[in-house]
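What follows is a short report on a single structure.
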Amino acid sequence: MTPSLAPPPAPVRPTPRSADPGPRPRPAAGRADRRRRAAAAAGLVLALTVVVVLSLVVGARSTAPATVWAALVDPGSLSGARATDAVVVRELRVPRTVLGLLAGAALGLAGVVMQGVTRNPVADPGLLGVNAGAALAVVLGLTVAGVTSALGLAGFALGGALAAAALIAMVAVTARTGSSPALLVVAGAAVTAGLSSLTTLVLLGDPETLDRYRFWTVGSLTGRGLGTAAALAPLLAVGALVAVAMSRALDALALGDDVARGLGFRLVPTRVAAMAAIVLLCGTATALVGPLVFVGLVGAHAARAVAGTGHLRLLPLAAVAGAALVLLADVLGRVVTPPGELEAGIVVAALGAPLLIALVRSRRAAL
């Protein structure tokens, strides 16, 4: 008797992909996050606007906002004491405000580029020898060339920053280990130490130069006019354009050298371009107002708290945050010790030091 053959079992068909939805992204959460970031960015811009108004209104002699507006748009309509206020606004406060905006924005941009190229969350313009090179050049300009004008000292400061950055770049490029963030930091620290020693040696031998230099090195928005700002603003514009053009490269560098190389970025030219942007921004800002510490650090971290990690979003917000910090420090310096003033560099250092300590103590500050 032939056994009956059972029909073959029906094939098991895989469940269609559409039948197993699995975890799906929540578009509402993404929209809420974008709205939160947009609101934070708008708040940052609003804060800058408020500080600009305060910079024009507040001083040893406070000025009514209506008088400030009239001084800006129609100074001829003011008379008596209000005419004096118009002169103070136009000749003193407007230049200080413009200088603060330019220098703060430049240092904020430079802070983002510097932290991106070195992958160091506490990177600041002083890290790569920019301030030290500018300081030595200013001292040489005072002692050797006898330069006393603000524009002349600004030119020497920018030249010194360029020379220091070129020296650091040569060390980083010619090293056998290749260009790396750690190598840039070490070369910058070494160059800073050497240039600072030379600056001190020159100053100790010339008390008159020391007396003039100490007013420049403290960092102040006074004593410079709109002519100096107009002469150096094109350099800031070039540095800002280079920084924005490097946003994708900085995003790749944040993932590591191997990943950046795999994405098609050449590391040495990228770091050289970053150094060029840093020098143009930091060197020009230092030439405008003297060395200001912590502005790049605070600006970069304020922008990162608002916009995340994408450098194309970080750069403009860091410029806004840096400008707001410098102007806020200048306004506070006018009111904390009336009728005198504290230089903006002192106030910025007092505001930035606690942040640096907090970053060093934070687990996220991977040093």
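With a 1.4 Å probe and every protein chain left in place, tell me how much accessible area L72 has, in Å² to the nearest 10.
70
Could you sort 90-100, 321-331, 185-195, 144-154 so that the peptide with the highest average Cβ count within 10 Å comes first and the rest follow in order?
Details: 90-100: 20.4, 321-331: 28.5, 185-195: 18.3, 144-154: 15.3.
Order by mean packing, descending: 321-331, 90-100, 185-195, 144-154.
At a Förster distance of 35 Å, what's the computed FRET efficiency of M170 paired with V244, Cβ-Cβ distance as r, to 0.05? Write down the numbers at each step before the final one.
Numbers: r = 26 Å, r/R0 = 0.75.
Once the sixth-power term is evaluated, E becomes 0.85.
Of all accessible surface on the range 93-361 at a 1.4 Å probe, what whole percent is carbon and sulfur?
C and S atoms contribute 72 percent here.
How much accessible area per residue does the range 93-361 have, in Å², with a 1.4 Å probe? Display every interim value, and only then the final one.
On the way: 10450 Å² over 269 residues.
With all protein chains present, the range 93-361 gives 39 Å² per residue.
Rg to Rh ratio, the range 93-361, alpha-carbon atoms and Kirkwood radius? Write down the numbers at each step before the final one.
On the way: Rg = 17.7 Å, Rh = 18.4 Å.
We get a ratio of 0.96 for the range 93-361.
Using Cα pairs closer than 8 Å and at least 6 residues apart in sequence, work out the relative contact order for the range 93-361, in percent. Before the final figure, lay out the partial values.
Numbers: 462 pairs, mean separation 91.3, N = 269.
That works out to 34 percent.
About its Cα centre, what dipole magnitude does the range 93-361 give when the only charges are +1 on Lys and Arg Cβ and -1 on Asp and Glu Cβ, stated in debye to the nearest 20?
Numbers: 15 positive and 10 negative charges, 107 e Å.
Here the size comes out at about 520 debye.
Taking the Cα centre of each part, how many Å lie between the range 79-134 and the range 135-162?
Computed from Cα coordinates, the inter-centre distance equals 18 Å.
How big is the dipole moment of the range 146-272 about its Cα centre under a simple scheme where the beta carbon of each Lys and Arg is +1, that of each Asp and Glu is -1, and everything else is neutral? Debye, nearest 20, please.
260
Just subtract the alpha-carbon distance of A230 and V336 from 0.36 nm times their residue separation and send over the number in nm, one decimal. Spell out each step's value before the answer.
Working: separation 106, 0.36 × 106 = 38.16 nm, distance 3.03 nm.
Stretched out fully, the A230 to V336 stretch lengthens by 35.1 nm.
If contacts are Cα pairs under 8 angstrom and at least 6 residues apart, what is the relative contact order of the range 194-298 in percent?
The normalised contact order for the range 194-298 reaches 38 percent.
Label 7 Å along Cα→Cβ of V218; the range 76-98 residues with amide nitrogen under 11 Å?
Under cut-off, by backbone N: nothing.
Could you go through the range 278-295 in sequence order and give the Karplus-derived ³J(HN,Hα) for each residue, using 6.51 cos²θ - 1.76 cosθ + 1.60 with θ = phi - 60°, rounded to whole Hz, and x for Gly and Pro?
4, 5, 4, 6, 5, x, 5, 4, 5, 5, 6, 10, x, x, 10, 8, 6, 5
The values are calculated or read from the model by the stated rules, or taken from the named source; none is laboratory data. Fair warning: this is a prediction, and the values are worked out from it, not measured in the lab. When we count neighbours, we look across all protein chains shown, and the Cβ atoms used for this are built from the backbone with ideal geometry, even at glycine. Calculation scope for accessible area: heavy atoms of the full protein, side chains included, ligands and nucleic acids excluded. Shrake-Rupley method; radii C 1.70, N 1.55, O 1.52, S 1.80 Å.
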